[in-house]
Amino acid sequence: MLAYDDNHPKGTKYRPEELRLHRDNWFAKVGTARPADYTDEHRKLDQGLFTRILRLLPWNGSIGFISRNNFAGFSFDTQMLRELDEFDARNEDPSWEFIDPTLEMVRATLAQHVSRFLELIATNTWPTHNAHRNSVPEDWEIEQPERFFSVVEDIHGAVRQCVDAYKSLIREGRHRLAIEVPMQDEPPTEPET
């Protein structure tokens, strides 16, 4: 493929103007940043933000849930995505950015993938007859199989990107900030309906 094809069934469907906007925003952020010595005060600020992100997005919450869930026509509890919604809502806040440029790049990548995942869920799943449960419509699998499998593949691809970016943030944060991440052995489970 030589050019972007909005009708291609695979890949993230970003419009060219969206990609240019993300690129320009990133260059503006990095280009206007004054090089400063990374002091102990900077590290403490980054440690505080890293800790807040860990509290908001623990592995055994929304991230762990989406990593184990099958979105292929099976209903899921929308409340299990609450932490991702909260994380996404905070990403416009400039105080929700790391001073360390590498950590900020990884956080921004996670934010972008979370936003994309939530957009796919919002536009491709519908409420079921049970409260707080959505699914990709099962009947699409028979009536519109190309659409069904394309949507499921897009959602599962977005999940992989979210989980990989989350893991990168945890690894970089532990390495750069020397913060121990508590073990979270319990996998997320949906409440009984």
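Observations, loosely collected:
- Residues in the stretch 105-152 that are closer than 18 Å to Asn25 by Cβ and either out of contact with any helix residue (DSSP H, G or I) (no Cβ under 8 Å at 6 or more places or on another chain) or among the aliphatic types (A, V, I, L, M) (or both): Met105, Val106, Ala108, Leu110, Ala111, Val114, Glu119.
Yes/no matrix, rows are residues, columns are (1) at pLDDT below 95; (2) among the acidic types (Asp, Glu):
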| position | (1), (2) |
| --- | --- |
| Val106 | no, no |
| Ala111 | no, no |
| Glu119 | no, yes |
| Trp126 | yes, no |
| Ala131 | yes, no |
| Val152 | no, no |
| Gln161 | no, no |
| Ala165 | no, no |
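- Subset of the stretch 25-54 [at pLDDT below 70, surrounded by 10 or more Cβ atoms within 10 Å (Cβ to Cβ) and not β-branched (Val, Ile, Thr)]: Trp26, Phe27, Ala28, Lys29, Ala33
- Test: residue in the stretch 57-74 that is in a helix (DSSP H, G or I) and closer than 30 Å to Asp40 by Cα: yes
- Wholly enclosed helices (runs of 4 or more DSSP H) of the stretch 79-193 bearing at least 3 residues surrounded by 20 or more Cβ atoms within 10 Å (Cβ to Cβ) and not charged (D, E, K, R): 101-124, 145-177
- Lone qualifier among Phe98, Phe65, Phe87 - being at pLDDT 95 or above and in contact with a Lys or Arg (Cβ under 9 Å, 6 or more places away or on another chain): Phe98
The values are calculated or read from the model by the stated rules, or taken from the named source; none is laboratory data. All figures in this text were calculated on a predicted structure; none of them were measured in a lab. Note that we place each Cβ from the backbone using ideal geometry, even for glycine, and neighbour counts take in every protein chain shown.
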